[in-house]
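First up is the structure itself, then whatever we jot down about it.
The values are calculated or read from the model by the stated rules, or taken from the named source; none is laboratory data. Since we're looking at a predicted model, the values are computed, not measured. In this analysis, Cβ positions are derived from the backbone assuming ideal geometry, glycine residues included, and neighbour counts consider all displayed protein chains. We work out accessible area using only protein heavy atoms, side chains counted, and drop any ligands, DNA or RNA first. Shrake-Rupley method; radii C 1.70, N 1.55, O 1.52, S 1.80 Å.
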Amino acid sequence: MKAIIPVAGVGTRLRPHTFSQPKVLVNVAGKPIIGHIMDKLSASGIDEAIVIVGYLGDMIETYLTETYPDIRFTFVTQKQMLGLAHAIWICRDHVDDDEPLLIILGDTIFDVDLSGVFDSPESTLGVKQVEDPRRFGIALTEGNTIVRLIEKPDTPVGNQAIVGLYFLKHAGPLFAGLDHIIESGIRTKGEFQLTDALQHMIESGEHFTTFPVKNWYDCGKPDTLLSTNRVLLEQMENGKKHYPGCVINEPVSIAPTATLENAIIGPDATIGENAVITDAIVRDSIIGNSAKVEKVMLTASIVGSNAVISGSHQEINIGDSSAIKLR
């Protein structure tokens, strides 16, 4: 089974952390965002992935090829940010018309049984009910059959959001739909939208169903990244490693190479590789690799890799390779 994973975005809403790394490599619950996605795909039988990269794409390529050697990766560079449909369209040479295809967005973590999706006799899209449909592509259905897809409707017409999981039984009709909207210059809100290509497929006779996505974790902003960190930590099996002179309040993720001295960690804290936490309290926070935190209390904070925090109790959000001294 082959997957297409678009990860070319800059991730402006997660700055300053995305100044020095792609959004999908930001740590959440002990590993990069895309690591959680790849673990799910690998366990579901995906053995080949086309990854659409752009900003700092070499870092993504290095992480994926080193971490998942059993998956065959093809990296395609999206040089112009013209929309999701355009990103998928430039993969055309790497996909056969008759093969099934999974498209999964690379910045959102899902909780769904993909094996059941792959057994579907028809193309199918993952959906979840949302309160504000204006932010999403919306699927209008009759029973379980999709009759119309609308991208970010200005006037609410339904609340079944397309959440970024697309299973195509055959790739050929998808690329025919992509050819249609791109060659015709059909854009919605300034971009070539995958939703519009799928709608053209429906109008051309393609049959789509939906499948429910139970949980859908957004990692696009600092507050949603922290909330996703909390949820994923709660789901993890926590080890019981003892740190002398420290108090560990589960759930937490503490990298094996991290150093803790006279610290209170957790609940809901992620501590990265080679991080050093001394005389500090860290809860509901993400501490990056090789960061140093000393004599502070941090809550609802994100500390980038190689950053240094020392001083008094504050709430902060700084990027990689930063140094802040609080007095």
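Okay, which of the stretch 69-91 sit inside 18 Å, backbone N to the point 7 Å along the Cα-Cβ direction of T224? The answer is 83-85, whose backbone nitrogens lie closer than 18 Å to the label point. With the cut-off at 21 Å, tell me which of the pairs K2/K221; K40/K128; K31/K292; K128/K152; K152/K221 have Cα atoms farther apart than that. As for pairs spanning more than 21 Å Cα to Cα, those are K2/K221.
Backbone amide hydrogens, once placed in the peptide plane, bring K292 within less than 5 Å of V276, A307, V308, I309, excluding anything fewer than 5 places away on its chain.
Cα convex hull, the stretch 262-327: 57 Å³ per residue, rounded to a whole number. For the chain, the residue among G126, A176, I324 whose Cα projects farthest onto the positive side of the dipole built from Cβ charges is I324.
For the stretch 27-103, the antiparallel share of DSSP beta bridges with both residues in that region comes to about 25%.
How high is the relative contact order of the stretch 116-262, in percent, counting Cα pairs under 8 Å that sit 6 or more residues apart?
Taking the mean separation of contacting Cα pairs over the length of the stretch 116-262, I get 24 percent.
Using the Cβ-Cβ distance between E122 and M81 with R0 set to 35 Å, the FRET efficiency from 1/(1 + (r/R0)^6) comes to roughly 0.65. DSSP bridge analysis restricted to the chain gives an antiparallel fraction near 35%, rounded to the nearest 5. Rounded, prolate or oblate for the stretch 58-113? Axes are the square roots of the Cα gyration tensor eigenvalues, ordered a ≥ b ≥ c, and the cut-off for rounded is a/c under 1.5. It comes out rounded by the Cα gyration axes.
The Kirkwood hydrodynamic radius of the stretch 28-174, based on inverse pair distances between different Cα atoms, is 16.7 Å. Out of these labelled values of Cα extents along the principal axes in Å, [x] 62, 44, 38; [y] 48, 47, 42; [z] 66, 36, 35, which was calculated from the coordinates shown here? Computed from the coordinates, Cα extents along the principal axes in Å corresponds to [z]. Site pair S42 and E66 shows an inter-label distance of 1.4 nm when each label is modelled 7 Å from Cα along Cα→Cβ. Rounded to the nearest 10 degrees, the inclination of helix 171-183 to the longest alpha-carbon principal axis of the chain is 90 degrees. In the full protein context, the chain carries 44 Å² of accessible surface per residue, based on a 1.4 Å probe and ignoring ligands, DNA and RNA. Taking each residue as 0.36 nm, the span from V231 to S184 lengthens on full extension beyond its C-alpha to C-alpha distance by 12.6 nm.
Sort the stretch 21-65 into rounded, prolate or oblate with this rule: let a ≥ b ≥ c be the square roots of the eigenvalues of the Cα gyration tensor; rounded if a/c is under 1.5, and if a/c is not under 1.5, prolate when a/b is larger than b/c, oblate otherwise. Oblate.
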